[in-house]
Amino acid sequence: MNTLLNRLTGRSAALLLALALSGCNLPLQTPDCPPGQTLGADQLVGNWSLQMAGLSTPWALSLAPHPEHIGSLRGELRQGEQRHLVVADLEGREFTMEESHDGQRIAATWLGTAVHGHCGRWIKGERLVTDQAGQGFTMRPAP
């Protein structure tokens, strides 16, 4: 039994050494943000471009700190003459935004995820409206 254990340990070590020497390139996980910087709603303050799947014209989004809810955002979603109020949050990598057409009721919910390696500057997700199929979107800083 002890000889078998020694052989397995020797084989495992030999396998690891062979992998290391073979030039095996395992992908390295790049940090999402620079050291000392974490993802948070404050990184979403500013102007954004939202490209909806299947639409050629992007929506413009402006976000600012919410005056009543610390750590949340408030803003406006615009396309042409359309203007909609929004509130948004970023917790960890998860983005949530609620869109209102009348300032009272939620008309759509936007759920997305911050793409790894972009420090919250690229979000992909889906816009959900009751009784409709979800529509994909990408969100990036406005040019």
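The values are calculated or read from the model by the stated rules, or taken from the named source; none is laboratory data. Not measured: the values here are computed from a predicted model. Cβ sites come from the backbone with ideal geometry, for glycine too, and all protein chains shown count toward neighbours.
Given the structure, is Glu68 on the phi < 0 side of the Ramachandran plot and either in a strand (DSSP E or B) or touching a helix residue (DSSP H, G or I) at 6+ places or on another chain (Cβ under 9 Å) (or both)? When the stated conditions are applied, Glu68 does not pass them. Is it the case, given these coordinates, that Thr30 is of a type in the set (Ser, Thr, Tyr), modelled with pLDDT of 70 or more and surrounded by fewer than 14 Cβ atoms within 10 Å (Cβ to Cβ)? Criteria not met by Thr30.
Of all residues in segment 93-143, those satisfying the criterion of being of a type outside the set (D, E, K, R) and without any contact (Cβ under 8 Å) to a residue 12 or more places away in the chain are Gln104, Ile106, Val115, Thr130, Gln132, Ala133, Gly134. Looking for something touching a helix residue (DSSP H, G or I) at 6+ places or on another chain (Cβ under 8 Å) and assigned to a loop (DSSP other than H, G, I, E, B) - is there at least one such residue anywhere in segment 45-54? Within segment 45-54 (the criterion being touching a helix residue (DSSP H, G or I) at 6+ places or on another chain (Cβ under 8 Å) and assigned to a loop (DSSP other than H, G, I, E, B)), the answer is no, since none of the residues qualifies. Looking across segment 73-100 at every residue that is at pLDDT below 95 and either in a loop (DSSP other than H, G, I, E, B) or aliphatic (A, V, I, L, M) (or both), the one that is farthest from the chain's Cα centre (by Cα) is identified as Glu81.
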